[in-house]
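**Q** Handing you this structure, nothing more for now.
The values are calculated or read from the model by the stated rules, or taken from the named source; none is laboratory data. Quick caveat, the model's predicted, so the values are computed rather than measured. Backbone-built Cβ (ideal geometry, glycine too); neighbour counts: all protein chains shown.
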């Protein structure tokens with residue numbers, strides 16, 4: 001693991017802890033924006049289905065950007081890319097805070113989601129390069145615990161700010177937080193200059209080589225489907241809550257309780273994988289989410305529905321830190337810069353498909369039917385998890 005200065009060692013402990021703390025501040029900003037994102041888009045469209053389609057388009061942009069950035073991630077210090085993405089996202093938030101034009105929103109949103117893809121890829125590669133193989137799951141648990149700590153606190157504050165002021169004020173707050181995370185990152189003096197002179201810019205070849213490996217393909221599918229659960233939570237659930245008479249303040253409270261099981265369980269489950277293995281943890285996690293999704297469909301009260309969504313987060317606490325850890329565990333360091341971007345598209349690919357399907361469902365069926373859809377695809381993943389490879393080194 002790379003060295004950092006004595007001063008910053010006292011401040012952060014080590015580079016993984018530093019990245020976790022920095023990601024906490026950045027995720028606080030991201031969670032604040034996510035709390036009002038669907039409402040912000042809806043302020044232009046005034047239609048839930050169209051809001052879903054716009055979000056689907058932005059997901060498509062994100063997918064493309066992951067492939068475009070592969071050669072850049074291979075030949076450039078990931079720390080510099082991480083810093084640049086933080087700075088430009090902060091600028092994007094400031095623009096959105098004063099914007100009232102739909103075309104400007106679309107331009108800035110396209111740039112912003114592309115930068116987010118760059119930031120996530122740079123962070124994932126740095127975690128892999130700074131971790132021993134036996135520590136990957138534990139380190140992912142640390143990263144996701146701090147990330148979700150931001151998702152616990154931020155929605156409460158964002159909901160309060162949106163109610164007391166307006167949703168534009170949330171972007172101002174998020175911009176300040178992103179700049180603060182940039183300051184912390186610069187002070188940590190982290191670098192990751194393990195670059196390659198010869199880059200792999202052939203998107204088609206990267207894609208073919210990625211899916212030639214059966215284990216990577218399984219990891220791709222499981223990660224994509226599991227993480228698509230958050231589309232239901234952060235895109236469609238706020239709209240459903242507003243339709244049922246709740247406010248931005250209630251959305252913030254709901255997001256707080258939905259994120260709480262992640263804080264409680266993710267680090268513990270990440271360490272437990274050494275005893276139970278990836279396969280068993282995946283099966284149990286998907287089973288919990290499946291049961292909660294079908295239970296939410298049959299519930300008749302909005303608060304009971306929200307309760308089942310909160311319980312589903314215990315299943316997600318088993319899945320979320322281990323999905324990426326499994327991929328990193330089966331991928332050589334020499335290949336991680338090339339394949340991490342394509343792997344990251346799994347979330348966006350499945351999010352895109354599920355956003356479109358869910359939006360079509362909303363055109364013809366009541367909102368609660370989406371829970372049945374999610375219950376079915378999570379149930380299918382239980383059987384897909386049976387094909388997960390045993391990783392001897394964890």
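**Q** State whether one or more residues within the stretch 143-151 are under 21 Å from the mean Cα position of the chain (by Cα), buried (at least 17 other Cβ atoms within 10 Å of the Cβ), modelled with pLDDT under 80 and not in a helix (DSSP H, G or I).
**A** Within the stretch 143-151 (the criterion being under 21 Å from the mean Cα position of the chain (by Cα), buried (at least 17 other Cβ atoms within 10 Å of the Cβ), modelled with pLDDT under 80 and not in a helix (DSSP H, G or I)), the answer is no, since none of the residues qualifies.
**Q** So, residue 97, is that one under 26 Å from residue 173 (Cβ atoms), within 19 Å of the chain's Cα centre (by Cα) and surrounded by fewer than 20 Cβ atoms within 10 Å (Cβ to Cβ) or not?
**A** So residue 97 does not fit the description; no.
**Q** Also, quick follow-up: Can you tell me which condition residue 252 does not meet? The list is (1) buried (at least 20 other Cβ atoms within 10 Å of the Cβ); (2) at pLDDT below 85; (3) over 30 Å from residue 161 (Cβ atoms), and all the others hold.
**A** The number of the failed condition is (3).
**Q** Just checking, which of 118, 123, 179 is farther than 30 Å from residue 374 by Cα, modelled with pLDDT of 80 or more and surrounded by 16 or more Cβ atoms within 10 Å (Cβ to Cβ)?
**A** Going through 118, 123, 179 in turn, just one is farther than 30 Å from residue 374 by Cα, modelled with pLDDT of 80 or more and surrounded by 16 or more Cβ atoms within 10 Å (Cβ to Cβ): 179.
**Q** Search the stretch 339-393 for residues being in contact with a helix residue (DSSP H, G or I) (Cβ under 8 Å, 6 or more places away or on another chain), modelled with pLDDT of 85 or more and part of a loop (DSSP other than H, G, I, E, B), and hand back the single one that is farthest from residue 67 (Cα to Cα).
**A** Among them, the one singled out is 368.
**Q** Would you mind stating whether residue 245 is assigned to a helix (DSSP H, G or I) and in contact with a helix residue (DSSP H, G or I) (Cβ under 9 Å, 6 or more places away or on another chain)?
**A** Considered against the rule, which asks whether it is assigned to a helix (DSSP H, G or I) and in contact with a helix residue (DSSP H, G or I) (Cβ under 9 Å, 6 or more places away or on another chain), residue 245 comes out as no.
**Q** When you go through (1) farther than 21 Å from residue 52 by Cα; (2) touching a helix residue (DSSP H, G or I) at 6+ places or on another chain (Cβ under 7 Å) one by one for residue 298, which number turns out not to apply?
**A** Exception for residue 298: condition (2).
**Q** So, residue 88, is that one in contact (Cβ under 8 Å) with a residue 40 or more places away in the chain and either part of a helix (DSSP H, G or I) or surrounded by fewer than 20 Cβ atoms within 10 Å (Cβ to Cβ) (or both) or not? Reasoning before the result, please.
**A** On the way: in contact (Cβ under 8 Å) with a residue 40 or more places away in the chain: no; either part of a helix (DSSP H, G or I) or surrounded by fewer than 20 Cβ atoms within 10 Å (Cβ to Cβ) (or both): yes.
The answer is no for residue 88.
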